[in-house]
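One structure is given here, and the rest of the page talks about it.
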Amino acid sequence: MQIYDLIQKTRRKETLSDTEVRYLINGFTQGEIPDYMMSAWLMAVCCQGLSTEETVSMTLAMRDSGECLDLSGVGGITVDKHSTGGIGDKTTLLIAPIVAACGGFVPKMSGRGLGFTGGTIDKLESIPGFSVEISVPDFMKQVREIGCAVISQSGNLTPADKKIYALRNLTATVDSIPLICSSIMSKKLALGADCILLDVKYGNGAFMKTPESAAELAEIMVSVGKLAGKKCRAVITDMNAPLGHAVGNALEVSEVIGILQNNDENALSELALALSAHMLELSGKGDFQTCLKLASGAVTSGKALEKLAAMITAQGGDASVTENTAKLPKSKIQKLFRAEQSGYISGIHSEQVGLACLELGAGKTAARSEIDYSAGVVFLHDVGDFVSAGEVLGIIHGSADELCERAKQRLLRAVRISDEKPEISPLIHQIIS
Ligand code: URA
């Protein structure tokens, strides 16, 4: 088989067979196909797409490139959730303990921040002592005994994705639906949960900019999941404004604890309860409305907070943060930023907020390899609120005045204020199952 011919076929939009796709993925993973040839094929995929059959072949070849976990030892139906990434998205920290408190089993492998988006693993590492690197047997034991565990990607899972993703990052081939689908679904399938809920985001803070492109990605991911024998569902959700009020690692953990302590009702808690209900329904705990009541009961009873504390303790962290969030890392400087005019908040540009937090040190950049876990921003208002000129819009948390000042300028540009009250679009746009 000639790689040259396979590149040519994809470039001409001719379909590759399962054997041909596997030959490409395995050859590249094993170092037999050079980067320049794989880059050319990936670019051809970006420009011409892949058929559903080819996407399935690619996903399964990537799944099979490394270890696949057998979660049968957990002793119950396991349910995983994946979000395609966004700003202020801390739903995993809510859904894992909520679903566990309702009798579900959530084995979760999460990622670190990518570009301007935050990562669940970085958020968890802001909890003093919390370890995201536990062995697979300990991971399964924790899921069996507590109901949830969140760890970073195991070294042996989907090596093909690690190599291909690194190449995509360097060759402008990240935003391709079949490539995103195979990357995400290969990891989900290798983890091996029985059910998978996908939270596919669209908007200015997401990879997919429109609900239509998010639905296209969701449909192919659900099809691949089902063909691989999983119960699979996707929700298409809005990421045109940050999710919740806090963006930044420790600040987001603190917001999660606040919701589980006080039963605050806002867009974040609404989405977390809906996602938890979908996961419980997929796990066979009843219909959606029954599962929504179960999830909400787990929060009001304090059982979800107890589960979060149990998960933190099991992973070596200081669970007293769930009683006293002052024990989380705290920034040296807190700076207010204020509305420059009166009016309704008609938008908060998530990508700009993500970039402001990155500059404050909340994520890694080429120039900085250490994360400042205390850095970020907390908004005091939501889209749709009326604010008067001079009113405080939010609080910037940073380690130096000049960093906070730069973030302030970016945040002031990110918050749009208009005379007209904006229409608020629903958080959940569509469900694909
Ligand atoms: N997340 C992934 O894991 N892979 C992608 O390609 C995009 C987002």
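The values are calculated or read from the model by the stated rules, or taken from the named source; none is laboratory data. Note that the structure is a prediction, hence the values are computed from the model and not measured. Neighbour counts are summed over all protein chains in view; Cβ atoms, including those assigned to glycine, are modelled from backbone coordinates with ideal geometry. Heads up: the accessible areas ignore ligands, DNA and RNA and are worked out on the full protein's heavy atoms, side chains in. Shrake-Rupley method; radii C 1.70, N 1.55, O 1.52, S 1.80 Å.
Here are some notes:
- Under-5 Å amide H pairs with V383, H placed in peptide plane, nonlocal only: none
- Here K327 is the anchor, and the lysines within straight C-alpha reach of less than 30 Å, apart from those fewer than 8 places off in the same chain, are K81, K90, K108, K123, K141, K303, K307, K335, K364, K408.
- Debye, to nearest 20: dipole size of the chain, +1 on Lys, Arg Cβ, -1 on Asp, Glu Cβ: 360 debye
- Think of region 228-377 as having a plus end and a minus end, set by charges on the Cβ of Lys, Arg, Asp and Glu; of S283, S350, L243, S283 sits farthest toward the positive end of this dipole.
- Cβ-Cβ FRET estimate between K327 and I428, R0 fixed at 35 Å, reported to 0.05: 0.55
- When the Gaussian network model of the chain links Cα atoms closer than 10 Å, the mean-square fluctuations of V392, V200, V378 top out at V392.
- Accessible solvent surface per residue of region 191-284, calculated while the other protein chains remain in place, 1.4 angstrom probe, Å²: 28 Å²
- Accessible surface, per residue, of region 3-49 when the full set of protein chains is kept, probe 1.4 Å, Å²: 54 Å²
- Rounded to 5, the percent of DSSP beta bridges in the chain classed as antiparallel: 55 percent
- Secondary structure note: in region 101-254, about 5% of the DSSP beta bridges are antiparallel.
- When exposed loop sites are taken as trypsin sites (Lys or Arg not before Pro) in a DSSP loop with at most 14 other Cβ atoms within 10 Å, the longest stretch of the chain clear of them is 14-329.
- Fully extended contour minus Cα-Cα distance, from A172 to Q409, at 0.36 nm per residue: 82.4 nm
- Dipole axis of the chain (+1 Lys, Arg; -1 Asp, Glu on Cβ), positive-most option in M62, A44, I98: M62
- Applied to region 15-24, the Karplus parametrisation 6.51 cos²θ - 1.76 cosθ + 1.60 on θ = phi - 60° returns per-residue 3J(HN,Hα) values of 7, 8, 7, 4, 4, 5, 5, 4, 4, 5 Hz, with x for Gly and Pro.
- The charge dipole of region 3-49, taken about its Cα centre with unit charges on the Cβ of Lys, Arg, Asp and Glu (plus for the first two, minus for the last two), comes to roughly 200 debye.
- Set of aspartates and glutamates with alpha-carbon distance to K231 below 14 Å, sequence-local pairs under 8 removed: D80, D194, E219, E281
- Where only DSSP H runs of four or more residues are counted, the chain gives -14500 deg cm²/dmol as its mean residue ellipticity at 222 nm, each run worth -39500 (n - 2.57).
- Averaged over its residues, region 330-418 has an accessible area of 47 Å² per residue, based on protein heavy atoms and a 1.4 Å probe.
- Share of carbon and sulfur in the accessible area of the chain stands at 50%, probe radius 1.4 Å.
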